[in-house]
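Below is one structure; the comments refer to it alone.
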Amino acid sequence: MLQQNEKITALYCRLSQEDELAGESGSIQHQKQILTEYAEKNGFSNPKIWADDGYSGVSFDRPAYNEMMAEVEAGNVSTIIVKDHSRLGRNRLVMGYLMEEKFPDYGIRYIAINDGVDTDKGVDESLAIRDLFNEWHARDTSKKIKAVKMAAAKRGERIGSKPPYGYRKDPNDPKRIVPNEDTAPVVRRIFALCASGFGPSKIARILQEEQVISPTIYDYRTYGTNSAALKLDKPFAWSGRTVSGILEHEEYIGTTVNCRSYIPSFKSKKSKGTPPEKWLRFENTHEPLIDRETWDIVQRVRQGKRRPNKMGKQDMLSGLVECETCGTKHYLCRCGSWNEEQYTYTCGKYHKHKEECTPHTIKVMALHQIVLAEIQRVTAEAKEHTEQFLRQAMDKHQSQLKQELSAKTRELEKVQKRLTDLDKLLKKAFEQLALENLSETQFKALTGNYETERQELTQHFGKLEHEIHSGKDTMLNAERFLTIVDRYTDIQKLTPAIVREFVEKIVVYERSEPWKKKNYTQQVDVYFNFVGKV
């Protein structure tokens with residue numbers, strides 16, 4: 001501990017991004033000058049400056065402030081001087097604690113020059129009122145900034161300060177992004193690997209083996225950006241989570257996505273996720289790194305993702321096979337064998353609850369042959385009789401889609417009506433409770449059931465809306481099937497990339513005689529992307 005006559009006079013400066021609007025009068029340099037001159041003029045010895053540039057006064061998690069308070073708690077500071085009382089902070093609860101408890105406990109003299117505050121001369125109630133006004137100022141400023149950002153977000157401008165990995169800011173227009181020559185190839189490789197059937201964890205291992213620098217290390221070396229995930233001793237440490245995040249970013253197809261998250265309070269720095277249906281999307285705002293076909297393949301791979309089996313392998317049809325009776329995804333069973341010819345797909349519901357469905361079992365190798373044969377047949381027909389094939393396939397598929405969409409729309413209307421009825425019932429229950437016609441126990445039992453049903457219906461409502469939207473989008477893009485066909489000349493072998501390019505789903509029917517191992521028939525329907533079952 002320093003001797004009493006060696007104690008520090010702490011000169012504290014702070015400037016937030018909002019305060020920069022005040023101009024030079026509020027700058028860090030101007031604050032330092034005023035504080036230094038004040039200390040010299042009034043005989044404060046051993047002055048030391050701490051400055052936080054670009055930090056809000058609402059939060060007290062600031063590097064220079066924390067360093068200064070560490071010296072306070074070590075007993076090395078006698079006086080703290082600021083230009084304005086608001087420079088120390090704009091959170092009335094924390095400021096009250098500092099003024100009334102922390103500073104007195106450590107014998108700190110506190111001076112705010114422009115506000116005439118000097119704790120050696122006493123502190124009256126007006127300081128608490130000043131703290132309240134300072135907090136209100138921060139709240140109002142936060143509202144204005146949010147309003148400006150929201151207006152920009154609705155115009156389709158990028159409101160994120162950091163470009164996604166693979167892009168950099170356009171030097172001629174900081175609000176726009178352009179491909180980064182260093183990292184864009186890595187993004188394209190990640191998508192290509194995923195389209196080929198590799199999962200995020202496997203892709204991460206491949207990048208690590210190839211010694212590709214991780215995004216956090218690249219940002220640190222290029223821009224000096226620090227983060228909690230930064231590991232300087234592991235420059236090639238890619239993770240499955242990082243890869244997954246890249247595979248889900250719509251920016252890579254040229255779409256700007258705003259309002260993915262929000263901050264619930266101006267005092268908080270922790271953001272919360274916004275539901276995807278409330279995101280603001282603007283297409284064709286910048287140069288894409290990934291073409292739409294590759295993006296669609298990857299998203300289908302991600303939607304149908306399944307964990308590898310205990311041998312570390314994942315079948316290329318995993319996530320695409322479903323039961324005709326109950327619609328449940330099929331479960332890949334190794335059947336206690338190391339021989340892949342013995343592997344089977346079985347109804348997932350039957351696997352867990354045998355009383356609710358039947359096996360619908362089919363050999364994996366047989367299913368591979370069926371899918372390959374169907375792809376070969378359909379692509380051959382599409383190439384030989386292009387116009388006729390597309391017209392028939394698209395007409396049939398769109399007719400099926402229209403029927404499905406009509407059914408889902410009717411179901412959506414029923415769900416919407418029931419939700420409206422539940423709101424009325426809940427309101428009526430509250431009224432009956434207020435009129436004492438219901439006991440507290442009856443009210444909780446009644447509204448608990450209503451609330452549970454409402455939550456389930458709300459989730460179902462969102463799912464139906466998404467399915468209807470996806471169905472309409474598929475109808476509008478049915479011609480893209482021919483583009484996929486044109487990319488392949490002679491398909492002789494089934495690969496993960498070919499499967500994801502062509503196949504939407506595979507529906508397996510029950511065997512004609514479920515428990516026979518030979519001499520039975522079994523129907524399998526292969527549904528193709530954009531044209532359905534051909």
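In table form, for the structure just shown:
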read-out	value
Normalised contact order of segment 167-303, rounded percent, pairs of Cα under 8 Å and 6 or more residues apart	26 percent
Nearby lysines by direct alpha-carbon distance to residue 408 (threshold 27 angstrom, same-chain neighbours under 8 apart not counted)	278, 305, 329, 349, 396, 417, 424, 463, 472, 505, 533
Amide H contacts under 5 Å for residue 77, placed H, 5+ residues apart	8
Contact order normalised by residue count of the chain, Cα under 8 Å, 6+ apart, percent	9 percent
Rough spin-label spacing in nm, given labels placed 7 Å along Cα→Cβ, for residue 32 and residue 137	2.3 nm
Rg/Rh ratio calculated on Cα atoms of segment 167-303 (Kirkwood radius)	0.97
Per-bin percent of Cα-Cα distances, the chain [20 Å]	15, 36, 31, 15, 3, 0
Whole-Å semi-axes of segment 4-151's equivalent ellipsoid (Cα gyration tensor)	26, 17, 14
Kyte-Doolittle mean at least 0.0, axial Cα span of 18 Å or more - DSSP H helices of the chain	364-384
Value at 222 nm in deg cm²/dmol, rounded to 500, when DSSP H runs of n ≥ 4 in the chain each add -39,500 (n - 2.57)	-15000 deg cm²/dmol
Estimated inter-spin distance, residue 259 and residue 210, nm [label 7 Å along Cα→Cβ]	3.8 nm
Rounded to whole Hz, the Karplus (6.51, -1.76, 1.60) HN-Hα couplings of segment 56-61, x for glycine and proline	6, x, 5, 9, 9, 8
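Bear in mind these aren't lab numbers, they're just calculated from the coordinates by the rules spelled out. These numbers were taken from a predicted model, which means no experiment stands behind them. Here Cβ is always computed from backbone atoms with ideal geometry, including for glycine, and neighbour counts include all displayed protein chains.
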